[in-house]
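All remarks here apply to the structure that follows.
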Amino acid sequence: MSKVFSTVVGKTLGVAALSGALLAAAGAQADDERKVYGWVENAVIAHWDIKVKAKLDSGALTSSLDARDIELFDKEGEEWVRFRLQLEDQASGETFSDEIERPLHREQTVRGAGGTDDRPVVLLDICMGDTIYEEQFSLRDREDMIYPMLLGRRTISHLGLLDVENTFLQSPECANDAEYVAHDPDDDQD
């Protein structure tokens, strides 16, 4: 009787283990159904509807945007930043140039081979795929860089998966009713 009991229990445990493994695999597959982005994508800066080339850079934590004439100032008791965007709109081929004012979200110290650099960080809405993301961007003159926008790990973690072998896997197409992912204050940690 104990041999029969152990055979039944063994088969029941085997079926349970197999069921658990299948459920875990299904959960992993569901995770893998996130959107996949190439290491270069087009992004739309939502407020100004400018399509720019963006490099997705897993080596950078915070995203960065090409900005010129950066100036901090006080506006009604709060810190703001004024800067000039001069970006080629990938959709029209025209150069967008405008002076922008945004609330200063925080300041960031970047350390690199050339020393340290203090940069203002603002929140901007960008369209990637069919979703609008409110993301942090450090402002820096990137005129000598190939890509005017760099998307760091914080932003990449909100987007989905990164395919480092391919480019332009998603097209930015955000309608007025597009999903909106607000900035996560937990992302403010350096």
Output for segment 170-190, where each listed residue is part of a loop (DSSP other than H, G, I, E, B) and within 15 Å of the chain's Cα centre (by Cα): 170, 171, 172, 182, 183, 184
Failed item, numbered, when residue 104 is tested on (1) under 14 Å from residue 47 (Cα atoms); (2) of a type outside the set (S, T, N, Q); (3) touching a Leu at 6+ places or on another chain (Cβ under 7 Å): (1)
Subset tally (residues that are among the β-branched types (Val, Ile, Thr) and either within 15 Å of residue 65 (Cβ to Cβ) or not assigned by TED's automatic domain parsing to the domain that holds residue 62 (or both)) for segment 94-109: 1
Residues of segment 58-112 classified as of a type in the set (S, T, N, Q) and assigned to a loop (DSSP other than H, G, I, E, B), total: 4
Residue selected from segment 75-133 under the condition polar (S, T, N, Q) and in contact with an Asp or Glu (Cβ under 8 Å, 6 or more places away or on another chain), by the criterion surrounded by the fewest Cβ atoms within 10 Å (Cβ to Cβ): 109
Selected residue (only one of 65, 56, 104 is free of Cβ contacts under 8 Å to residues at least 40 places away in the same chain, under 25 Å from residue 187 (Cα atoms), touching a strand residue (DSSP E or B) at 6+ places or on another chain (Cβ under 7 Å) and not basic (Lys, Arg)): 104
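The values are calculated or read from the model by the stated rules, or taken from the named source; none is laboratory data. This one's a predicted model, so the numbers in the text were calculated from it and none came from an experiment. For neighbour counting, all protein chains shown are included, and Cβ atoms are generated from backbone atoms with ideal geometry for every residue, glycine included.
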